[in-house]
């Protein structure tokens, strides 16, 4: 069952007509194949044209789609032999940020990412992908392990932002985010980060300070959510579409600005319509980037990261 977004209503109506026609003709001798083919082609064309002209706010909605694949989905479809590692060896484990050993096309890596969950129970367990200090400290531990064992690091970023609760602040949220960002920049091994859904604020940067940053076609990446920006500038979240436009949150805008390096295509209608194809595309793109980075010495990798972020600041 597909969950349709507001701007997808015309597509939803067409697909409903197709389903009703199939149901009415089930077991009937009347040949409706021609009419079905016509409607299916019309629906496919409408879906394609709709997704070719999405506004930044519509892309934000796609990035937040409840059926969009998350970390565990990508692990299952694009990586092999994932062995999760838990805990920060200081306070506890954070299920909003997962990580461990994995393989990508036979290459051993350390894989880290945000997990939002896919139903009410799992979303609560994973805190909707909003990492706490112990989650970022776990990421630091895994990155240090990657450096010791010479394993490339791959991160999958998908968070509206780090958890803003009082308990997170008490345990040093800002310091943990800063240390995680520092750990990324200091890695002596290749690092590829991919924004697969939302890339929100420092909670995203803490896992995305890599020499190669990829974004899924309909992902978004920004310093604050459009609603948060609108609330600050206009005192109302209703201006979120205007904020999204001004903030340049889309992969296409950010590629032009040099903030990201590569856009990974999604299936027509978004990654949620075909998670397997989306995961396969992402895995292939990451593997290509790791191949290109494999010949660099540690000091060259660090210089690449420094240069890319200094260029953004300039």
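Please treat every number below as a calculation from the coordinates, not as lab data. Worth saying up front: this structure is predicted, and the values here are computed from it rather than measured. Here the Cβ positions follow ideal geometry from the backbone for every residue, glycine too, while neighbour counts run over all protein chains shown.
Quick notes on this structure:
- Among 190, 69, 298, the largest mean-square fluctuation in a Gaussian network model of the chain (Cα springs under 10 Å) belongs to 298.
- Sorted fewest first by neighbouring Cβ atoms within 10 angstrom, 213, 277, 205, 154 come out as 277, 205, 213, 154.
- The modelled label-to-label distance between residue 24 and residue 41, using points 7 Å beyond Cα along the C-beta direction, is 2.1 nm.
- Counting every alpha-carbon pair across the chain, the share separated by more than 23 Å comes to 58%.
- With the simple spin-label model, which puts each label point 7 Å out from Cα in the Cβ direction, the residue 280 to residue 149 separation comes to 2.9 nm.
- Max mean-square fluctuation residue, GNM over the chain, Cα-Cα springs under 10 Å, options 281, 225, 53: 53
- Three semi-axes of the equivalent ellipsoid, region 250-299, Cα gyration tensor, whole Å, largest first: 24, 17, 6
- Of the residues 57, 234, the one with the fewest other Cβ atoms within 10 Å heads the list, and the complete ranking is 234, 57.
- Relative contact order [Cα under 8 Å, 6+ residues apart], the chain, whole percent: 16
- Our helix-only sum for the chain, with -39,500 (n - 2.57) per DSSP H run of n ≥ 4 divided by its residues, gives a mean residue ellipticity at 222 nm of -15500 deg cm²/dmol.
- With the largest listed first and rounded to whole Å, the semi-axes of the equivalent ellipsoid of region 6-53 from the Cα gyration tensor are 24, 11, 4.
- Across all directions, the average flat footprint of the convex hull enclosing the Cα atoms of region 149-236 is 6.9 nm².
- Taking 0.36 nm per residue of separation and subtracting the current Cα-Cα distance, fully stretching the chain between residue 307 and residue 245 would add 19.6 nm.
- The ranking of 227, 40 from fewest to most other beta carbons within 10 Å of each one's beta carbon is 40, 227.
- GNM flexibility winner over the chain from 299, 70, 272 (Cα, springs under 10 Å): 299
- Sites residue 7 and residue 33, calculated FRET efficiency, Cβ-Cβ separation with R0 25 Å, nearest 0.05: 0.25
- For the chain, the share of DSSP beta bridges that are antiparallel, to the nearest 5, is 40%.
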